[in-house]
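The values are calculated or read from the model by the stated rules, or taken from the named source; none is laboratory data. As the structure is a computational prediction, the values presented were derived from the model and not from experiment. Glycine gets a Cβ as well: all are built from the backbone with ideal geometry, and neighbour counts include every protein chain shown.
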Amino acid sequence: MTVFKTKKELQNFALAAKRSGKTIGLVPTMGFLHAGHMSLIDIARAKADIVIVSVFVNPTQFAPNEDFDSYPRDFERDAKMCEEHKVDVIFAPNREEMYDANASTYVNELMLSRPLCGASRPTFFRGVTTVVTKLFHLAQPDFAVFGEKDAQQLLVIKRMVRDLDFPIEIINGKLIRDEDGLAMSSRNRYLSADERKRALSIHRALLGAKAAILADPGKIDVALHNAKAVITAAEGRVDYVSALDTETLEEPTAKTKHLIVAAAAFFGTTRLIDNEMFDL
Ligand code: AMP
């Protein structure tokens, strides 16, 4: 396994690999890896000649009041996990390497990035689409794997790839949960034992809403109201609990076939997200 810290090293390596006919799979991450990340890496490993994992806490997707500085980092551990899963290359640039000090170009998706996390984190998706574009140009992947844990991000990336004609396939990885149902996240590290227990209410609320909507699709509002109450009862601060058409991320209509019920909530100062996607 090779670790590249500079953009030039990665791009030269990737271009040479492509010229020699190799396929490249990319898994972008912010590090502090867990089984959710590893499931994406395993998908890439099964399909590509060369697997590249980026480990970069991307400053442009954090607002000034958010957790960029405290975001958990453990490169040694990440590298060991990647080695165990037969990753070929880790790309781990620092902030100065990734962005020129006067960088002034961004990639902006304007529809799917508006609701849900886009409403409470207005510059988040701009940071994501910009860094993913840069990673695509640097790693030259044939395909990239993204997790359904960040379902809106996955949809935004797919839209960007379609709209801007990137010759890259985007592959979904299933949302991986801990045994008790909590969606795995690097941010779970912030939770106290008590907060972690109370945070299970997010998944409970989503499952309750899913069951209620499937039983009576005409009463989505009631189902969402009850789901919020489940999280509030566990002393979580709800950012949103919404049910949207998975294709458009707009309010569901009579034509909606695929629904996403998504939630974001704070436990203590930690903001967690989760979702359930299902057919109506
Ligand atoms: P992050 O490091 O949190 O930015 O996530 C990097 C990639 O891993 C994204 O595509 C995430 O959707 C994915 N990911 C994070 N947590 C999970 C999980 N619990 N299950 C599946 N994929 C995940």
Legend entry - Inter-residue pairs, beta-carbon under 9 Å, first touching a residue at least 40 places away in the same chain (Cβ under 8 Å) and assigned by TED's automatic domain parsing to the domain that holds Thr248 and in the range 137-157, second assigned to a helix (DSSP H, G or I) and more than 10 Å from the ligand (Cβ to nearest atom), 6+ apart: none
Legend entry - Filter result for Pro115 (modelled with pLDDT of 95 or more, surrounded by 15 or more Cβ atoms within 10 Å (Cβ to Cβ), farther than 28 Å from Thr248 by Cβ and away from the ligand (no atom under 13 Å from the Cβ)): no
Inset, instruction - Using the structure shown, decide if Pro122 is within 22 Å of Ile24 (Cα to Cα), in a loop (DSSP other than H, G, I, E, B) and away from the ligand (no atom under 16 Å from the Cβ). - result: no
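Name the residues in the range 89-113 that are in contact (Cβ under 8 Å) with a residue 60 or more places away in the chain and either within 17 Å of the chain's Cα centre (by Cα) or farther than 21 Å from Leu10 by Cα (or both), would you?
Taking the range 89-113 and keeping what is in contact (Cβ under 8 Å) with a residue 60 or more places away in the chain, we get 89-94, 97-98, 111-112.
Residues satisfying the conditions are Met111, Leu112.
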Legend entry - Asp150 being under 18 Å from the mean Cα position of the chain (by Cα) and in a helix (DSSP H, G or I): yes
Legend entry - Scope the range 237-254; condition more than 19 Å from Asp150 (Cβ to Cβ) and in contact with a helix residue (DSSP H, G or I) (Cβ under 8 Å, 6 or more places away or on another chain); matching residues: Pro252
Legend entry - Residue identified as within 14 Å of the ligand (Cβ to nearest atom) and over 30 Å from Glu179 (Cβ atoms) among Thr60, Thr2, Thr6, Thr29: Thr60
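Identify the residue in the range 48-88 that is polar (S, T, N, Q) and surrounded by fewer than 18 Cβ atoms within 10 Å (Cβ to Cβ) and, among all such residues, is nearest to the chain's Cα centre (by Cα).
Going through the qualifying residues, I end up with Ser70.
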Inset, instruction - Can you give me the ranges of the strands (runs of 3 or more DSSP E) entirely in the range 164-280 with at least 1 residues that are over 28 Å from Asp42 (Cβ atoms)? - result: 237-245, 258-267
Legend entry - From the options Asn275, Asn172, residue that is within 17 Å of the chain's Cα centre (by Cα) and crowded, with 19+ Cβ neighbours inside 10 Å: Asn275
Inset, instruction - Report yes if some residue within the range 179-189 is at positive phi and either in contact with a helix residue (DSSP H, G or I) (Cβ under 9 Å, 6 or more places away or on another chain) or modelled with pLDDT of 95 or more (or both); otherwise report no. - result: yes
Inset, instruction - Within the range 223-247, track down each residue that is of a type in the set (Ser, Thr, Tyr) and free of Cβ contacts under 8 Å to residues at least 12 places away in the same chain. - result: Thr232
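Residues checked against (1) away from the ligand (no atom under 16 Å from the Cβ); (2) more than 18 Å from Asn275 (Cβ to Cβ); (3) surrounded by fewer than 21 Cβ atoms within 10 Å (Cβ to Cβ):
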{"residue": "Arg159", "(1), (2), (3)": "no, no, yes"}
{"residue": "Pro167", "(1), (2), (3)": "yes, yes, yes"}
{"residue": "Glu179", "(1), (2), (3)": "no, yes, yes"}
{"residue": "Ile202", "(1), (2), (3)": "no, no, no"}
Inset, instruction - Inspect all residues belonging to the range 16-27 and state whether any of them is over 22 Å from the mean Cα position of the chain (by Cα) and on the phi > 0 side of the Ramachandran plot. - result: yes
